[in-house]
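Visitor: One structure is given below, represented as structure tokens, and several questions about it will come after.
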Amino acid sequence: GESVGLHLPTLSVQEGDNSIINCAYSNSASDYFIWYKQESGKGPQFIIDIRSNMDKRQGQRVTVLLNKTVKHLSLQIAATQPGDSAVYFCAENQETSGSRLTFGEGTQLTVNP
Amino acid sequence: DGGITQSPKYLFRKEGQNVTLSCEQNLNHDAMYWYRQDPGQGLRLIYYSQIVNDFQKGDIAEGYSVSREKKESFPLTVTSAQKNPTAFYLCASLRTASSYNSPLHFGNGTRLTVT
């Protein structure tokens, strides 16, 4: 079936560097995308979302880029900090599926001091 | 602060026993969800409820049951029929089920271990 997946299961960066986490999706009908951060033993925490009528959205130290042509989503974290170490999930949705999000497997981000 | 409370955080049961996981929200959200998370995998939907006294099966409902008697509560029962019950269980909510372009709010999960 349709799925949302991540290119890399793990990513290790130095503190202060920028991080880029990627996500591929295969459902061309998806029109809403979310990034979540999940720390060990906790539930996913909303980071940022983007609708398909946009190709870029910025938050505090985070930017999400959406390329609908190649069905690719990315999360950029500026000046990565040790507190950013976590698993990052992308998720996608479409109006016809109601509120049943499809989640990717996640990328483990490790920030080295 | 508004949020979703899942209890207990850790739960241990013997094989063959049913166990009920609690999920309470004070966000006044209509829709509630239960997900299962296994190591290295994405979240998989077990059951969801769009409104009180109504619920639907998700992708992996076999061996689970739910009830939605109150807006703020959506307990999940893991029955002895569930073949691999050991997992991290996450409860989530949404303002309304039609709010498909809004993010789910999650609780902090219950880790169930069945031996």
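Visitor: Here are B:Ala81, B:Ala97, B:Ala92: which of them is under 12 Å from the mean Cα position of the chain (by Cα) and either among the small types (Gly, Ala, Ser) or more than 26 Å from A:Gly104 (Cβ to Cβ) (or both)?
Guide: Step by step, each of B:Ala81, B:Ala97, B:Ala92 is checked, and only B:Ala92 is under 12 Å from the mean Cα position of the chain (by Cα) and either among the small types (Gly, Ala, Ser) or more than 26 Å from A:Gly104 (Cβ to Cβ) (or both).
Visitor: Restricting to the stretch B:37-48, give me the number of residues that are within 11 Å of chain A (Cβ to nearest Cβ) and either among the hydroxyl-bearing types (Ser, Thr, Tyr) or crowded, with 23+ Cβ neighbours inside 10 Å (or both). Don't jump to the end; show me each part of the working.
Guide: If we filter the stretch B:37-48 for residues that are within 11 Å of chain A (Cβ to nearest Cβ), which is where we start, we get B:37-45, B:48.
Filter again for either among the hydroxyl-bearing types (Ser, Thr, Tyr) or crowded, with 23+ Cβ neighbours inside 10 Å (or both), leaving B:43, B:48.
So the count comes out to 2.
Visitor: Mind listing whichever residues of the stretch B:96-115 are surrounded by 15 or more Cβ atoms within 10 Å (Cβ to Cβ) and either more than 7 Å from chain A (Cβ to nearest Cβ) or in contact with a helix residue (DSSP H, G or I) (Cβ under 7 Å, 6 or more places away or on another chain) (or both)?
Guide: B:Tyr100, B:Ser102, B:His105, B:Thr110, B:Arg111, B:Leu112, B:Val114
Visitor: Residues of the stretch A:85-113 being more than 7 Å from chain B (Cβ to nearest Cβ), of a type outside the set (S, T, N, Q) and part of a loop (DSSP other than H, G, I, E, B), which ones?
Guide: Of everything in the stretch A:85-113, just one residue is more than 7 Å from chain B (Cβ to nearest Cβ), of a type outside the set (S, T, N, Q) and part of a loop (DSSP other than H, G, I, E, B), namely A:Pro113.
Quick grid of which residues meet (1) more than 29 Å from B:Phe88 (Cα to Cα); (2) touching a Phe, Trp or Tyr at 6+ places or on another chain (Cβ under 6 Å):
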position: A:Gln14; (1), (2): yes, no
position: A:Asp31; (1), (2): no, no
position: A:Lys42; (1), (2): no, no
position: A:Asp55; (1), (2): yes, no
position: A:Gln76; (1), (2): no, no
position: A:Ala79; (1), (2): yes, no
position: A:Phe103; (1), (2): no, yes
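Visitor: For the stretch B:56-79, enumerate the residues that are over 11 Å from B:Leu21 (Cβ atoms) and among the aliphatic types (A, V, I, L, M).
Guide: Hits for the stretch B:56-79 are B:Ile60, B:Ala61.
Visitor: Ok, one more. Taking only the stretch B:54-84 into account, find how many residues are assigned to a loop (DSSP other than H, G, I, E, B) and of a type in the set (Ser, Thr, Tyr). Spell out the reasoning first.
Guide: At the first step, the residues of the stretch B:54-84 found to be assigned to a loop (DSSP other than H, G, I, E, B) are B:58-63, B:67-69, B:71-72, B:74-75, B:79-84.
Filter once more, so that each one left must be of a type in the set (Ser, Thr, Tyr): B:67, B:79-80.
Residues in the stretch B:54-84 being assigned to a loop (DSSP other than H, G, I, E, B) and of a type in the set (Ser, Thr, Tyr): 3 in total.
Visitor: Identify, from the list B:Glu24, B:Glu15, the residue that is farther than 16 Å from B:Ala87 by Cβ and either without any contact (Cβ under 8 Å) to a residue 40 or more places away in the chain or away from chain A (no Cβ under 13 Å) (or both).
Guide: Numbers: B:Glu15 fails: farther than 16 Å from B:Ala87 by Cβ.
Testing whether each residue is farther than 16 Å from B:Ala87 by Cβ and either without any contact (Cβ under 8 Å) to a residue 40 or more places away in the chain or away from chain A (no Cβ under 13 Å) (or both) leaves just B:Glu24.
Visitor: Next question. Report whether or not A:Gly16 is of a type outside the set (A, V, I, L, M, F, W, C), surrounded by 21 or more Cβ atoms within 10 Å (Cβ to Cβ) and assigned to a loop (DSSP other than H, G, I, E, B).
Guide: Judged against the criteria, A:Gly16 is not a match.
Coordinate-derived values only; no laboratory data. All figures in this text were calculated on a predicted structure; none of them were measured in a lab. When we count neighbours, we look across all protein chains shown, and the Cβ atoms used for this are built from the backbone with ideal geometry, even at glycine.
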